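Chemist: Here you go, one structure.
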Amino acid sequence: MKKNNVTLKDVAKFSGVSVPTVSRVVNDEKYISNEVKEKVLSAIKELNYTPQWAARSLRIKRTHTIGVIIPNVSDYFFGSTVLAVENYFRKKGYDIILFNTSNDEDIEERAIKLAISKRVEGIILATISKSEKKISSIINNFGIPIVVVDNKLNIKNIDQVLSDDVGGSYKLVEHLIKKHGYKDIACISGPLEESSSFEKLTGYKKALEENGLEINDKFIKVAYWKKSKAFEATRELLESSHKPEALYCMNANMLIGCLRYIIEKKIKIPEDLAIVTFDDYDFVSVVYPPVTSLKRIDIEMGTVAGEILFERIEGSNEDYKVIRIESDLVIRNSCGCN
């Protein structure tokens, strides 16, 4: 017998049970004795039987796959979020198909449509799209459950799991003001068309205003989440006639660009410039001096998004949710604390 041509009938004959029984074991259905299940699984292993998953999915209308769509697979935050999603769904017997959009709206739209064509049962989407109508149209046309993470969309019939961007930024900037007395605080931002950047900037401005400080637009630089642009933004800020005393960087990826300039110019932290960042990734705590940040929420975000999506796949009709995950300060030396 050629093992690559093994069928359900072959497995049934080898294990001494009926073809329907083998099918029930393959589909992990209930009410099968452990003894029979072990016989069938042993035969499957011995014969190297591989189920025809696509055909099986067509029959039972299930694929046990979900799509995960993110803008940058190399980003620390998204990489960790995907791992959390994968770990959650693996325990549920699901596989994931990962799509990287490279921060391109057109690629994102194609990724959503491709995921649907692969008959995924749900999608977790970290969108960069400025067109909420486009996303809403896809959801309404196909009726597939989608959970949005990171960037908020003003769409009613989806669940969203977001970070508390306003509150997190406020905590970081207020710490610089109240604990250390800094007044000239600059901000390196992501693209303001994205809700996560806009809301982080809102928190930054709110902390300044509520502590009686003026907002200096020259201290706000948009670096589009890129290291190279963050390097240039830091250069512009620190080579200007009016230099900031402190710098708030909206994510760890841009922090790398900031630190490259700071190290190149031998600028001392925090003596010459205090610095804080929104994200707390491994390198943030081991650079010298270690950087003050917010506690990581990527694992929690991915897990919560997975739980909600699984509930929708299983038929939950609860009201759609917008969950914001709060994060506490992680105080280190870069802000001036000992």
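The values are calculated or read from the model by the stated rules, or taken from the named source; none is laboratory data. What you see is a predicted model; the values in this text were computed from it and never measured. With ideal geometry, Cβ positions are generated from the backbone for all residues, glycine too; neighbour counts draw on all protein chains shown.
Chemist: Output the number of the condition that Gly93 fails; it satisfies all remaining conditions of (1) in contact with a Lys or Arg (Cβ under 9 Å, 6 or more places away or on another chain); (2) on the phi > 0 side of the Ramachandran plot.
Modeler: Of (1) in contact with a Lys or Arg (Cβ under 9 Å, 6 or more places away or on another chain); (2) on the phi > 0 side of the Ramachandran plot, only one is false for Gly93: (1).
Chemist: I would also like to ask the following. Do the conditions hold for Ser169, that is, is it in contact (Cβ under 8 Å) with a residue 40 or more places away in the chain, surrounded by 22 or more Cβ atoms within 10 Å (Cβ to Cβ), not basic (Lys, Arg) and not in a strand (DSSP E or B)?
Modeler: Values: in contact (Cβ under 8 Å) with a residue 40 or more places away in the chain: yes; surrounded by 22 or more Cβ atoms within 10 Å (Cβ to Cβ): yes; not basic (Lys, Arg): yes; not in a strand (DSSP E or B): yes.
Here the answer is yes, as Ser169 does meet what is asked.
Chemist: Moving to a separate point now. Pick from region 280-307 the residues that are outside any helix (DSSP H, G or I) and in contact with a strand residue (DSSP E or B) (Cβ under 6 Å, 6 or more places away or on another chain): which of them is farthest from Val322 (Cα to Cα)? If you could, list the steps in order and put the result at the bottom.
Modeler: In the first step, residues of region 280-307 are kept if they are outside any helix (DSSP H, G or I); the result is 280-281, 286-297.
Now drop any that are not in contact with a strand residue (DSSP E or B) (Cβ under 6 Å, 6 or more places away or on another chain), which leaves 280, 291-293, 295, 297.
Numbers: Asp280: 23, Val291: 30, Thr292: 28, Ser293: 24, Lys295: 21, Ile297: 16 Å.
For region 280-307, the residue satisfying everything is Val291.
Chemist: Identify the residue in region 72-91 that is of a type in the set (D, E, K, R) and either under 18 Å from Ile112 (Cβ atoms) or at pLDDT 95 or above (or both) and, among all such residues, is nearest to the chain's Cα centre (by Cα). Lay out the reasoning, then the answer.
Modeler: The initial filter retains those residues of region 72-91 that are of a type in the set (D, E, K, R), namely 75, 86, 90-91.
Imposing the further condition that a residue be either under 18 Å from Ile112 (Cβ atoms) or at pLDDT 95 or above (or both) reduces the set to 86, 90-91.
Details: Glu86: 11, Arg90: 17, Lys91: 19 Å.
Restricting to residues being of a type in the set (D, E, K, R) and either under 18 Å from Ile112 (Cβ atoms) or at pLDDT 95 or above (or both), the top hit is Glu86.
Chemist: Do we find a residue being at positive phi and of a type outside the set (D, E, K, R) anywhere in region 271-293?
Modeler: Of all residues in region 271-293, those at positive phi come to none.
No: zero hits.
Chemist: A further question follows. Looking only at region 203-232, count how many residues are crowded, with 17+ Cβ neighbours inside 10 Å, farther than 20 Å from Pro71 by Cβ and among the aliphatic types (A, V, I, L, M).
Modeler: Residues meeting the conditions: 3.
Chemist: Would you point out the residue of region 259-281, among those that are surrounded by fewer than 19 Cβ atoms within 10 Å (Cβ to Cβ) and touching a residue at least 12 places away in the same chain (Cβ under 8 Å), that is farthest from Ser334 (Cα to Cα)?
Modeler: Applying the first criterion (surrounded by fewer than 19 Cβ atoms within 10 Å (Cβ to Cβ)) to region 259-281 yields 260, 263-268, 271-272.
Still in the list and also touching a residue at least 12 places away in the same chain (Cβ under 8 Å): 260, 265, 267.
Working: Arg260: 15, Lys265: 17, Ile267: 12 Å.
Ranking the qualifying residues of region 259-281, first place goes to Lys265.
Chemist: While we're looking at this one, here's another question. Identify all residues within region 242-284 that are of a type outside the set (A, V, I, L, M, F, W, C), modelled with pLDDT of 95 or more and out of contact with any Phe, Trp or Tyr (no Cβ under 8 Å at 6 or more places or on another chain); write none if there are none. Explain how you work it out, then say what you get.
Modeler: Restricting attention to region 242-284, the residues satisfying the condition of being of a type outside the set (A, V, I, L, M, F, W, C) are 242-245, 248, 251, 253, 257, 260-261, 264-266, 268, 270-272, 277, 279-282.
Checking which are modelled with pLDDT of 95 or more leaves us with 242-245, 248, 257, 260-261, 264-266, 268, 270-272, 277.
Matches in region 242-284: His242, Lys243, Glu264, Lys265, Lys266, Lys268, Pro270, Glu271, Asp272.
Chemist: I've got another one for you. Which of the residues spanning region 117-136 are closer than 26 Å to Ser316 by Cβ and buried (at least 17 other Cβ atoms within 10 Å of the Cβ)?
Modeler: Val120, Glu121, Gly122, Ile123, Ile124, Leu125, Ala126, Thr127, Ser129, Ile135
Chemist: Return a yes/no flag: does region 309-332 have any residue that is assigned to a helix (DSSP H, G or I) and either of a type outside the set (A, V, I, L, M, F, W, C) or free of Cβ contacts under 8 Å to residues at least 24 places away in the same chain (or both). Can you show your working first?
Modeler: Step one: list which residues in region 309-332 are assigned to a helix (DSSP H, G or I), which gives 309-313.
Restricting the remaining residues to those that are either of a type outside the set (A, V, I, L, M, F, W, C) or free of Cβ contacts under 8 Å to residues at least 24 places away in the same chain (or both) gives 311-312.
Within region 309-332 (the criterion being assigned to a helix (DSSP H, G or I) and either of a type outside the set (A, V, I, L, M, F, W, C) or free of Cβ contacts under 8 Å to residues at least 24 places away in the same chain (or both)), the answer is yes, since at least one residue qualifies.
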